[in-house]
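The next block holds one structure in the form of structure tokens; read it before the comments.
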Amino acid sequence: MIAVTSAKRVPYWPDVPTLNESGYPNYEAYAWFGVVAPAATPRDIIAKINADIVAVLKTPAVAESLAAQGADVAITTPEEFGRFLDAEHARWSSAVKAANIKIE
């Protein structure tokens, strides 16, 4: 493997540099997964879903399984995830516009 595209090295492959370390500054692209709900979902329901997901992600069996697959789990609050989604939308919208990609 030449490099990983995340901003930091992947724990599963600690000797593989990032593209940033390989001379391509500010490059970051990776797959991520999250859970979303309709905007009108009550906050207490969102908090319960988030707490349940966090509890599962912290169990040793799940944590070890995800780590063995090379996943870097980021446990966040619903508000943090919302900010992340906004930032991803802004970043990739800019990339699509810069590449002159037409979405129909």
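The values are calculated or read from the model by the stated rules, or taken from the named source; none is laboratory data. Keep in mind that what you see is a predicted model, and the values were worked out from it rather than measured. Note that each Cβ is placed from the backbone with ideal geometry, even for glycine, and that neighbours are counted across all protein chains shown. Protein only, heavy atoms only, side chains kept; ligands, DNA and RNA dropped before computing areas. Shrake-Rupley method; radii C 1.70, N 1.55, O 1.52, S 1.80 Å.
Among the residues making up the range 63-81, those that are surrounded by 13 or more Cβ atoms within 10 Å (Cβ to Cβ) and either in a helix (DSSP H, G or I) or of a type outside the set (A, V, I, L, M) (or both) are A63, L66, A67, D72, T76, P78, F81. Residues that are assigned to a helix (DSSP H, G or I) and either basic (K, R) or in contact with a helix residue (DSSP H, G or I) (Cβ under 6 Å, 6 or more places away or on another chain) (or both) within the range 82-104 comprise R83, R91, K97, listed in sequence order. Residue check: K58 meets all listed conditions (1) free of Cβ contacts under 8 Å to residues at least 12 places away in the same chain; (2) of a type in the set (D, E, K, R); (3) open to solvent by 100 Å² or more (accessible area, probe 1.4 Å) but one, namely (1). For the condition closer than 22 Å to R83 by Cα, under 18 Å from the mean Cα position of the chain (by Cα) and either in contact (Cβ under 8 Å) with a residue 24 or more places away in the chain or in a helix (DSSP H, G or I) (or both), I53 qualifies.
The set of residues in the range 11-38 that are within 13 Å of the chain's Cα centre (by Cα), open to solvent by less than 90 Å² (accessible area, probe 1.4 Å) and aliphatic (A, V, I, L, M) comprises A29, A31. Here the range 39-50 is the region considered, the condition is being exposed (fewer than 10 other Cβ atoms within 10 Å of the Cβ) and assigned to a loop (DSSP other than H, G, I, E, B), and the residue that is modelled with the lowest pLDDT is A39.
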